[in-house]
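The values are calculated or read from the model by the stated rules, or taken from the named source; none is laboratory data. None of the values given here were measured: they were computed from a predicted structure. Note that we place each Cβ from the backbone using ideal geometry, even for glycine, and neighbour counts take in every protein chain shown. For the accessible areas, the whole protein counts, side chains as well, though only heavy atoms, and no ligand, DNA or RNA atoms are used. Shrake-Rupley method; radii C 1.70, N 1.55, O 1.52, S 1.80 Å.
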Amino acid sequence: MLTSAFAVRRWTRQHDHNLVKLFIEKAVPGTVAGDERPELGAVLSWIEDKKVHGIVAPNLDRLARELVVQEAALAQTRKHGGRAFMADQGEILPDDPEDPMRTAMRQMMGVFAQLDRGMTVAKLRRGRRIKGEKGEYA
């Protein structure tokens, strides 16, 4: 499996884009909200300040695992004239009223990323609770 940074570097090289800066979010628990992600905020500021022309992420769920955060990041990127690319699928095109399926498919991917995050958090909480009930270290 490719690391996220490697996937982004490879994609930018293959598609002749210039990687200006690699923003890497430190590993955080699945319960951290999207607005608590300083690197995502930083890259969006760079787009707003016209330091870069867009964002490349390994895939949509690495951009954000909450649908609302994902949609907000894409909206902020476009609002400031930026483009969004995912190494696994290319450019995330803006919504098109003539093609509502484009929006629906992107949002469904976001819903399933959010579901996966929620299931993982629930499983971890359940495991800690069971260990605690057994008197084990949780």
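Give the residue list of chymotrypsin sites (Phe, Trp or Tyr not before Pro) in region 68-138 that are DSSP loop and have at most 16 other beta-carbon atoms within 10 angstrom. Passing both the DSSP loop test and the Cβ count: 137. Taking every DSSP helix (H) stretch of at least 4 residues in the chain, weighting each as -39,500 (n - 2.57) and dividing the sum by the residue count yields a mean residue ellipticity at 222 nm of -17000 deg cm²/dmol. Both numbers refer to the Cα atoms of the chain; Rg and Dmax are 17.1, 59 Å. With a 1.4 Å probe and every protein chain kept in, tell me what percent of the accessible surface of the chain is carbon plus sulfur. Carbon-and-sulfur percentage of accessible area, whole number: 55. Between the exposed loop cleavage positions of the chain, defined as trypsin sites (Lys or Arg not before Pro) in a non-H, G, I, E, B DSSP state with at most 13 neighbouring beta-carbon atoms within 10 angstrom, the longest gap is 52-133. Helix 100-133 and the long axis of the chain differ in direction by around 20°, with both axes built from C-alpha atoms.
Highest mobility in the GNM of the chain, judged by mean-square fluctuation with C-alpha springs under 10 Å and restricted to 96, 116, 61, is found for 96. Taking 16 Å as the straight-line reach from the Cα of residue 123, the lysines in range (excluding those fewer than 8 positions away in the same chain) are 131. Taking the longest Cα principal axis of the chain as reference, the axis of helix 38-48 is set at about 10 degrees.
For the chain, a Gaussian network of Cα nodes joined below 10 Å ranks 48, 98, 25 by mean-square fluctuation, and the top entry is 98.
Accessible surface for region 27-138, divided over its residues, is 64 Å² per residue with a 1.4 Å probe.
Under 5 Å between amide hydrogens, built in the peptide plane, is the criterion, and for residue 55 it picks out 83, 84, 85 among residues at least 5 positions away or on other chains.
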